[in-house]
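A.B. asks: Questions regarding the structure given below will be posed in turn.
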Amino acid sequence: MEKPKTEPMNDKEENKTKFRDISEKRSQKGGIRITWKGTASFLLEAAGERILFDPFVQIRGGENPGVFEEFVNEETIFITHGHFDHLYWVPQLLEQGEATVFCTACPAETLERFTEEAGRVVRIRVGDCIPIGGMKIRVLKGRHIDFQIKRIFETMSPLRVLRHWRNLPFLLWANHTFKDGDETVAFEIQAEGRRILLLGSLALDEREVYPQGADLVILPYSGNHDLVAEADRVMERLRPKRILLSHFDDAFPPMSRKVDIRPFYHMMQQKWPEIAVAKPKKDKTICL
């Protein structure tokens, strides 16, 4: 199957919105370093290892443009689910780099369709505990937030469709091709005495047992009209010490748009003031 091509933007835009910084601003080397790469992509550095989660280079018109080359040298990649904004660039990373990719069956099957390098794809299952050097990563059952038709139509307004029409052939193909297969997972990461929970979407499985009081939860904030209520339900179950937001940016217009974080931030101040919240800037590293 031939993939329609689209080029990522090259000119960078500064995110001017300021939220509380959860970084401890350590000047010394060491500690856990977390860098947001746009969309749901994060680079985690700890215990002498580097792990890349859900790499994605935003398409033409994206709010936080990047380049493929910033991912190609990474050796360990974890995927939370198989949607295109988490998986599309992984076949190319396998072909041009030396990465080992950890993902569930559905995204693994998608990768096998597009690359001959699928021998470096490791199929994982809920309950697995994967050692990566001095880190341990436990695979938890997740759930993808329910999309709403109303939200889709509002996002794809006539003006935005007219402005970004060149992206539509790719987006229609990618949405049809890259499925999550009801296999969205979360990753519980233990490193250097800290516990991080990285969610694949803004929803939790009803029967999964998630760790409470994690040092950090990485929270994708997008998907439907009820984001504040969805996030509140997540806080009720997890009660972490800190939140680091993701997936709030306009990464693949016109099917995406920038999410207004202010209602969420207001809810957190009113109901969960003890939980620190950060909205990251692309490529700015924080220390935990």
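A.B. asks: Go through region 241-278 and give me each residue that's surrounded by fewer than 19 Cβ atoms within 10 Å (Cβ to Cβ), assigned to a loop (DSSP other than H, G, I, E, B) and touching a strand residue (DSSP E or B) at 6+ places or on another chain (Cβ under 8 Å).
C.D. replies: Selection gives 241, 261, 275.
A.B. asks: Assigned to a helix (DSSP H, G or I), on the phi < 0 side of the Ramachandran plot and charged (D, E, K, R): does that describe residue 160?
C.D. replies: Criteria met by residue 160.
A.B. asks: Would you confirm, using the coordinates I've provided, whether residue 261 is closer than 15 Å to residue 219 by Cα, under 17 Å from the mean Cα position of the chain (by Cα) and of a type in the set (A, V, I, L, M)?
C.D. replies: Working: closer than 15 Å to residue 219 by Cα: yes; under 17 Å from the mean Cα position of the chain (by Cα): yes; of a type in the set (A, V, I, L, M): yes.
For residue 261, the condition - closer than 15 Å to residue 219 by Cα, under 17 Å from the mean Cα position of the chain (by Cα) and of a type in the set (A, V, I, L, M) - is met.
A.B. asks: Now a separate question. Can you tell me which residue is surrounded by the most Cβ atoms within 10 Å (Cβ to Cβ) among those in region 207-232 that are modelled with pLDDT under 95 and assigned to a loop (DSSP other than H, G, I, E, B)?
C.D. replies: Residue satisfying both the conditions and the ranking: 222.
A.B. asks: Pairs, please: C-beta under 6 Å, at least 6 apart or cross-chain, first residue in a strand (DSSP E or B) and in region 104-124, second of a type in the set (A, V, I, L, M)?
C.D. replies: From region 104-124, the pairs are 121/101; 121/108; 121/111; 123/105; 123/108.
Okay, residues lined up against (1) surrounded by 16 or more Cβ atoms within 10 Å (Cβ to Cβ); (2) touching a helix residue (DSSP H, G or I) at 6+ places or on another chain (Cβ under 8 Å); (3) touching a residue at least 24 places away in the same chain (Cβ under 8 Å); (4) among the aliphatic types (A, V, I, L, M):
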residue	(1), (2), (3), (4)
128	no, no, no, no
134	no, no, yes, no
147	no, no, yes, no
154	no, no, no, no
169	no, no, yes, no
175	no, yes, yes, no
180	yes, yes, yes, no
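A.B. asks: Then there is this: So if I check each of 195, 237, 207, which one is free of Cβ contacts under 8 Å to residues at least 24 places away in the same chain and within 19 Å of residue 139 (Cβ to Cβ)?
C.D. replies: 195
The values are calculated or read from the model by the stated rules, or taken from the named source; none is laboratory data. None of these values were measured; they are calculated from a predicted model. For neighbour counting, all protein chains shown are included, and Cβ atoms are generated from backbone atoms with ideal geometry for every residue, glycine included.
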